[in-house]
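Presented below is the structure to which this report refers.
The values are calculated or read from the model by the stated rules, or taken from the named source; none is laboratory data. Here the structure is a predicted model, which is why all the values come from computation and not from measurement. Cβ coordinates were reconstructed from backbone atoms using ideal geometry, including for glycine residues, and neighbour counts include every protein chain displayed.
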């Protein structure tokens with residue numbers, strides 16, 4: 001059985017675990033030749049997304065209910081998050097190495113993202129949306145917050161069309177490992193700064209657009 005310490009060592013080497021399905025207890029290490037990354041503090045927001053943010057009702061909350069966000073991310077027809085992996089993430093959360101950002105709209109859960117932190121690297125594991133733009137808002141908030149807290153690497157593992165539209169790119173494995181090695185020599189803490197409000201996030205994005 002993989003331990004939390006072994007899991008962190010894997011991330012430090014540039015690999016990450018996944019299960020074949022929720023029903024398969026085995027975990028497999030992955031080190032893809034191309035790695036997806038997002039720009040920190042500069043995630044692209046479409047005009048329609050900015051308009052939705054400006055309408056109001058959106059808010060972000062860090063580590064309010066970590067396990068609930070992980071469960072929501074796994075609650076789909078096909079998932080790579082099995083029970084052993086969910087338990088490992090829970091234990092990493094208890095030691096301060098895993099965090100979840102929850103997005104609410106008018107007080108109701110709308111989406112979120114969770115991931116693992118080491119040095120100034122944030123390894124985004126999965127995100128979820130229960131309302132239109134819920135996961136996009138999670139990416140905007142997380143990117144902004146990572147910048148505020150001094151993070152230098154936003155790892156998305158793979159690049160999806162959804163991530164590409166928001167500024168995500170693919171980089172070669174060798175380049176990723178260099179960025180990771182640098183991030184591991186630095187220190188950052190997601191709890192070192194408060195999350196921006198919706199108004200602060202909107203102003204920040206429109207100023208750099």
Candidate set from segment 74-104 (those that are closer than 16 Å to residue 142 by Cα and either touching a residue at least 40 places away in the same chain (Cβ under 8 Å) or surrounded by fewer than 21 Cβ atoms within 10 Å (Cβ to Cβ) (or both)); member that is farthest from the chain's Cα centre (by Cα): 104
Positions within segment 13-27 being exposed (fewer than 15 other Cβ atoms within 10 Å of the Cβ) and touching a helix residue (DSSP H, G or I) at 6+ places or on another chain (Cβ under 8 Å), in sequence order: 25
Qualifying residue in segment 162-176 (condition: without any contact (Cβ under 8 Å) to a residue 12 or more places away in the chain and within 15 Å of residue 123 (Cβ to Cβ)): no
Some residue of segment 33-40 being surrounded by fewer than 13 Cβ atoms within 10 Å (Cβ to Cβ) and touching a helix residue (DSSP H, G or I) at 6+ places or on another chain (Cβ under 6 Å): yes
Candidates 22, 71, filtered to the one that is free of Cβ contacts under 8 Å to residues at least 60 places away in the same chain and out of contact with any strand residue (DSSP E or B) (no Cβ under 9 Å at 6 or more places or on another chain): 71
Test for residue 125: is it within 23 Å of residue 181 (Cβ to Cβ), touching a helix residue (DSSP H, G or I) at 6+ places or on another chain (Cβ under 9 Å) and surrounded by 19 or more Cβ atoms within 10 Å (Cβ to Cβ): yes
Test result for residue 114, modelled with pLDDT of 95 or more, under 12 Å from the mean Cα position of the chain (by Cα), crowded, with 24+ Cβ neighbours inside 10 Å and under 16 Å from residue 16 (Cα atoms): yes
Filter result (outside any helix (DSSP H, G or I) and either at pLDDT below 95 or surrounded by 13 or more Cβ atoms within 10 Å (Cβ to Cβ) (or both)) within segment 51-73: 57, 58, 59, 60, 61, 62, 63, 64, 65
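Yes/no matrix, rows are residues, columns are (1) over 10 Å from the mean Cα position of the chain (by Cα); (2) closer than 22 Å to residue 200 by Cα:
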position: 125; (1), (2): no, no
position: 133; (1), (2): yes, yes
position: 138; (1), (2): no, yes
position: 145; (1), (2): yes, yes
position: 154; (1), (2): no, yes
position: 161; (1), (2): yes, no
Residue 103 being in contact with a helix residue (DSSP H, G or I) (Cβ under 7 Å, 6 or more places away or on another chain), modelled with pLDDT under 95 and outside any helix (DSSP H, G or I): no
Those residues of segment 21-50 which are within 30 Å of residue 207 (Cα to Cα) and not in a loop (DSSP other than H, G, I, E, B), in sequence order: 35, 36, 37, 38, 47, 48, 49, 50
